[in-house]
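The values are calculated or read from the model by the stated rules, or taken from the named source; none is laboratory data. Please read all numbers here as calculations on a predicted model, not as lab measurements. Methodologically, a virtual Cβ is constructed for each residue, glycine included, from the backbone with ideal geometry; neighbour enumeration extends over all protein chains shown. With ligands, DNA and RNA removed, areas are computed over all heavy atoms of the protein, side chains included. Shrake-Rupley method; radii C 1.70, N 1.55, O 1.52, S 1.80 Å.
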Amino acid sequence: MLGRQGVDHELTTVEGIGDYNNLHPIQQAFIDEQGFQCGFCTPGQVMSAVALLNSNPSPTREEVRVGLSGNLCRCGAYEHYINGVLRASGQLA
Ligand code: FES
């Protein structure tokens, strides 16, 4: 999404879903699954995951992969992020 596409729409950023003492379940699941390394891509991964689970609370691994596909991770932590989303959806212990 380009910034201009947000005109006249409500936008929520990663700062709006949790904080250091009260993490969003996606943030906690990413920590539990070691879902980030440098953290450069993490805000986008988190917000894509939140949007995905809001529209599809029980996605398949492939649906998660597609849902996060707009985020490029130079560290290659994709499988950790996918596991984090599945964990947050209750599909991974
Ligand atoms: Fe480094 Fe994704 S964790 S770019």
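Which residue is most open to solvent (accessible area, probe 1.4 Å), if the candidates are limited to segment 9-50 and must be closer than 20 Å to G70 by Cα and among the aromatic types (F, W, Y)?
If we take residues in segment 9-50 being closer than 20 Å to G70 by Cα and among the aromatic types (F, W, Y), then F40 is most open to solvent (accessible area, probe 1.4 Å).
Could you please find all residues in segment 54-76 being more than 12 Å from the chain's Cα centre (by Cα) and among the charged types (D, E, K, R)?
R61, E62, E63, R74
Being in a loop (DSSP other than H, G, I, E, B), modelled with pLDDT of 95 or more and either in contact with a His (Cβ under 8 Å, 6 or more places away or on another chain) or more than 11 Å from the ligand (Cβ to nearest atom) (or both) is the filter here; which residues of segment 34-57 pass it?
Once the filter is applied, which keeps residues that are in a loop (DSSP other than H, G, I, E, B), modelled with pLDDT of 95 or more and either in contact with a His (Cβ under 8 Å, 6 or more places away or on another chain) or more than 11 Å from the ligand (Cβ to nearest atom) (or both), segment 34-57 yields N56, P57.
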